1. Please go through the stretch 68-82 and give me each residue that is in contact with a strand residue (DSSP E or B) (Cβ under 8 Å, 6 or more places away or on another chain) and not basic (K, R), ordered by number.
2. With a cut-off of at least 2 residues that are of a type in the set (G, A, S), name the strands (runs of 3 or more DSSP E) lying wholly within the stretch 9-101.
Amino acid sequence: MSSSETTAAVRKWHFTLHLKDVLTEEQSDTLAGLDRFNDGRIGLVEGPDTAEFMCSFEAGTLTGAIAEALDFFEELPGVLIRSVELDPLALESNRMATASVVPAPPRLPETV
């Protein structure tokens, strides 16, 4: 681990992962048997035509927290994440000014 990784402040990040489709019966059965979905950091919320996971992960960065949450879905085949929703209050508590997740890449110098 580099020194920049070890000195990063760990923060609690709250966000919602919206699924592309509702879970099938088979996916729901698989989910019920996965211990990692029962540790309190990620929870399923279902509606008549929607499914989403409310997430609360500790990490040095928001992207790190989202990546850790997405890793959970390796054990849940066929489930696709449509979008990630960030709670504006959670961003404020983590001193983030905007909902930007990944900074824009630096501009390349213009060639003549």
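Readers should treat all values here as calculations from the given coordinates under stated rules, not as data from a laboratory. Only a predicted model underlies this, so the values are computations on that prediction, with no experimental measurement involved. Methodologically, a virtual Cβ is constructed for each residue, glycine included, from the backbone with ideal geometry; neighbour enumeration extends over all protein chains shown.
1. Just the residues of the stretch 68-82 that are in contact with a strand residue (DSSP E or B) (Cβ under 8 Å, 6 or more places away or on another chain), to begin with: 68-70, 72-73, 79-82.
Scanning the stretch 68-82 gives E68, A69, L70, F72, F73, V79, L80, I81.
2. Where strands (runs of 3 or more DSSP E) fall fully within the stretch 9-101 and carry at least 2 residues being of a type in the set (G, A, S), they are 51-59.
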